[in-house]
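Some notes on the structure that comes next.
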Amino acid sequence: MRVSELDVPESVKEVLRRRGLDELYPPQEEAVKAGVLQGRNLVLASPTASGKTLIAELCAMKHVIERGGKALYLTPLRALAWEKYETFQDYAGLEKRYGGKVRVAISTGDLDSSTPWLGGYDVIVATNEKCDSLLRHRAPWMREVTLLVADEIHLIGDERGPTLEVALARLRQLRPEMQILALSATIRNAEEVADWLGAECVKTDWRPVELREGVAYGEVLYFRDGGVKRLRPLHRMDALNIALNSVLDGGQSLIFVESRRRSMSLAREAARALEGVLRPREGRTLERIASDLLLYGERTTLSDDLASAVSRGAAFHHAGLRAEHRRIVEKAFREGWIKVLVATPTLAAGVNLPARTVVIGNYRRFVPGYGMHPISVLEYKQMSGRAGRPQYDEFGEAILIASSPEEQDFLMEGYVLAQPERLYSRLASEAALRGHVLAAIASDYAHSEGGLLEFFASTFYGYHYPAGSLRRIMGGILGYLRREGMLEYKGEYIYATDFGRRVSELYIDPLSAVVLRDGLKRGALEVTDFTWLHLICHTPDMRPILRPRRNELADLEAFVEEHRSEFACPLPETYDPIEYEQFLGEVKTALVLEAWMREVSENELLERYSVQPGDRYSVVHNAEWLLYATHELSTVLGYPEHRRHLRELRERVKYGVTPSLLPLVRLQGIGRVRARVLYNAGLRSIADLRRAPLRRLVETPLIGPKLARLIKEQVGGVVDEEEWRRLEGEAEQKALTEFVEEEPEEV
């Protein structure tokens, strides 16, 4: 089927033609024939790169341009949300049939808001958690959604799956006539997911590039079709030997490993192995990309290691990296400059990064409490699905590594030839249900035990099991929420208290709310910054915490003894090794936050606490939200004496500064480093900045003419246009002079 034959607006066809699309892939054609463009619900289960997103684009434009509807596109990850947002930008500005132009928005944060401004947009890309939050706040515009796209729906079987499952059930309750399009990699029981959603099912193994799955033993690759391929002996490490063979044949390699430490060490080895392989032009481009990496954030040994590897054609990718660094690496890999990328498995469920060869360096993962545990077949299929670059490769190779003939047989039977596991709901656990039960009542979706059971019967769990199977678990949860003052009963009618409603809106676990409430009530003998930082780290929502290293345990125990008076929660009384290590991890996380607020550099955090920038960001992000929640609960619960301290702490955690810098970091363009530079230069307040001559600002390190002007505009200062142009010219001349002195051969 050709694009020209599609029943979509001509303006949409023109967008596709500009992309070079002329003919649909078979899965796309099957989806169209199944009636997806006529509004039929559909589950489309097909491998990576088989064109699922295009079907979502076509459906969205049918709803928005022709029917005056609104499309909501859900993803499990922020990075994936941004990728889809950029894809839909191709349609922004197209004319709608009933007037106006297509507008596209993205929303992945601010979980304590109905985000009313989204009502003015036609295509909204959001994370599953943001969608759940919008439903809790009863965002009015949600009733206008006519198309719901649930991307990566197979993750409904993940630990975060209940959020998507409940959001889908609520949206179907809110908008029964809404079209649903669920996208997934191949899953075993896709037909059951389709039946649950009242949808057609298109399930296919078709790929634009042939996938050859196999197992490596020694220097030989054994494929599922019986084929054999002998490798050139290029490196002593099996994973790198496979990757380098692919690179020398003109491909790229993606290696999945079990840990961050392993990804970094293997990337360093890959960088050394690639010396002499790259062409001069590739080397120059990689040097520029490596330099770009060092422009973002504070320079650390981690960023130096990454830049060093990238300059030689290799890279590592894991959650400990800054988001900007991950994006640069992803872009360079997509464009073909980085030849070998070593990543942790989180990348498999994230952005689309195909490679000719995918190597699964280890099929085991560390699971706390269980040790090394084999991955699921579904996870293996997700990783292997990255093999094969459309438009570049005729085939892709996905390779597992065996260390013995017995393991070779096991991997071939247990992964390569195996079917993915059936998809099951993870909803029927107290931890998953607790928040969703409270939200259902607080958001007025149900007000009785029978109403709750009826609602949860509409979930994927309810599809498989009778609602009565949830009755016992739900009864325990309702009893807990009632005892803790979040719910009250009037006969059979259940309603949320002010406390319960606010907990639901704040999008925190009710168990976290109880910890925060009890901490606010108990206080501490000596209330300090650490008091509140540790309290939020003691909640279930502050996960994962930073695990203490063995050489840190003695210092952490000594700190606890010295600062016992500062804790707002009971200290562990029994020496349970797991519980006590968890407690010390909470203390370490609080100390890292305290160091961050004292303006300790990211490199020092890395050296002192082994905290990588991405982990620091995650901890700070969670802490900022939990401090906000604590501040809000202190109002609801009647503890106003803590509000000012909590509000200041939240800002300090957000910006990573001492109190003296808060007035400066609130300005646009001024982060913690520039704020400290301004403060040390004697510009310590808004009034100082307003009075300072423009030249003094421009001549302050890290403050150029453009930023100086922006500062003046924000603080109400006067900018003389003639003086500003003169200063800008001087800055440009100075920069040119420095460039000539450093790089005379380039002029």
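Every read-out reported here was derived from the displayed coordinates using simple, explicitly stated rules and does not represent laboratory data. In this text the structure is predicted, and so the values were computed from the model without any measurement. A quick note on method: Cβ atoms are made from the backbone with ideal geometry, for glycine too, and the neighbour counts reach across all protein chains shown.
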Report summary line: Under 5 Å from the placed amide H of I106, counting only residues 5+ away or on other chains, we find V125
Report task. Rank these for me by crowding, D205, D90, going from fewest to most other beta carbons within 10 Å. Result -> D205, D90
Query raised in the report: What nm value, rounded to one decimal, do you get for the distance between A418 and A319 when each label is placed 7 Å out toward the C-beta?
Result: 2.3 nm
Query raised in the report: Which ³J(HN,Hα) values in Hz, rounded to whole numbers, follow from the phi angles of region 241-258 under the Karplus curve 6.51 cos²θ - 1.76 cosθ + 1.60, where θ = phi - 60° and Gly and Pro get x?
Result: 4, 5, 4, 5, 4, 5, 4, 5, 8, x, x, 10, 10, 10, 10, 9, 10, 7
Query raised in the report: Using every alpha carbon pair in region 3-203, what percent of pairs falls into each 10 Å bin from 0 up to the bin containing the largest distance?
Result: 9, 39, 39, 13, 0
Query raised in the report: By how many nm would the segment from R17 to R188 lengthen if fully extended, with 0.36 nm per residue of separation less the alpha-carbon distance?
Result: 58.1 nm
**Report entry** Spatially proximal lysines relative to K654 (Cα-Cα < 23 Å; intrachain offsets below 8 disregarded)
**Finding:** K130, K588
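Mind sorting Y98, Y380 by how few other Cβ atoms lie within 10 Å of their own Cβ, fewest first?
Values: Y98 9, Y380 25.
Sorted ascending by nearby Cβ count, the order is Y98, Y380.
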Query raised in the report: What is the Rg over Rh value, at two decimals, for the chain, using alpha-carbon atoms and the Kirkwood definition of Rh?
Result: 0.97
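Would you mind ranking K203, K33 so that the residue whose beta carbon has the fewest other beta carbons within 10 Å leads the list? All intermediate terms of the calculation are to be shown ahead of the outcome.
Details: K203 18, K33 12.
Lowest count first: K33, K203.
Quick check: from the Cα gyration tensor, does region 662-742 come out rounded (a/c under 1.5), prolate or oblate?
Numbers: a/c = 2.38, a/b = 1.45, b/c = 1.64.
Note, shape of region 662-742 comes out oblate.
Remind me, relative contact order of the chain in percent, using alpha carbon pairs under 8 angstrom and six or more residues apart? List each step's numbers first, then the result.
On the way: 1230 pairs, mean separation 73.3, N = 747.
In percent, rounded to a whole number, it is 10.
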Report summary line: Once the in-chain neighbours fewer than 8 apart are removed, the lysines whose Cα is under 19 Å from K734 read K706
Report task. Show the residues, 5+ positions off or on another chain, whose built amide H is closer than 5 Å to the amide H of R426. Result -> none
Requested in this report: Can you tell me how much longer the chain between L702 and S259 gets when fully stretched, taken as 0.36 nm per residue apart minus their C-alpha distance, in nm with one decimal?
Outcome: 155.8 nm
Query raised in the report: Residues with amide H under 5 Å of L211's amide H, sequence separation 5 or more or different chain, H placed in the peptide plane at 1.01 Å from N; which?
Result: G396
**Report entry** the chain, helix-only ellipticity at 222 nm - DSSP H runs n ≥ 4, -39,500 (n - 2.57), divided by all residues, nearest 500
**Finding:** -14000 deg cm²/dmol
Query raised in the report: What nm distance separates the two modelled labels at R230 and S660, each placed 7 Å from Cα along Cα→Cβ?
Result: 7.2 nm
**Report entry** Whole-Hz ³J(HN,Hα) from phi, Karplus 6.51 cos²θ - 1.76 cosθ + 1.60, for region 488-504, glycine and proline x
**Finding:** 9, 10, 10, x, 8, 7, 10, 9, 8, 6, 4, 4, x, 5, 5, 4, 5
Query raised in the report: Which entries in the list K62/K203; K13/K331; K52/K96; K203/K381; K331/K381; K84/K331 go over 19 Å, if you measure between the two C-alpha atoms of each?
Result: K62/K203; K13/K331; K52/K96; K331/K381
Query - Reach of K229 by Cα under 15 Å, taken over aspartates and glutamates that are not fewer than 8 positions away in the same chain - result: E213, E219, D238, D249, E397
Query raised in the report: How many nm is it between the label spots at S429 and R288, if each spot is 7 Å from the Cα in line with the beta carbon?
Result: 4.8 nm
Query raised in the report: Which of the listed residues, V367, T528, L487, is farthest toward the dipole's positive end in the chain, when Lys, Arg count +1 and Asp, Glu count -1 at the beta-carbon?
Result: L487
Report summary line: Reduced to Cα centres, the span from region 490-517 to region 179-256 in Å works out to 46 Å
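With +1 on each Lys and Arg Cβ and -1 on each Asp and Glu Cβ, how big is the dipole of the chain about its Cα centre, in debye rounded to the nearest 20?
On the way: 100 positive and 110 negative charges, 202 e Å.
Here the size comes out at about 960 debye.
From largest to smallest, what semi-axes in whole angstrom does region 430-505 give when each is the square root of 5 times an eigenvalue of its alpha carbon gyration tensor?
On the way: eigenvalues 79, 28, 26 Å².
For region 430-505, the semi-axes come out at 20, 12, 11 Å.
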Query - For region 275-350 versus region 615-677, the gap between their alpha-carbon centres in whole angstrom - result: 32 Å
Query raised in the report: Got a sec to turn the phi values of region 226-235 into Karplus ³J(HN,Hα) couplings, 6.51 cos²θ - 1.76 cosθ + 1.60 with θ = phi - 60°, whole Hz, x for Gly and Pro?
Result: x, x, 10, 9, 9, 8, 6, x, 9, 7
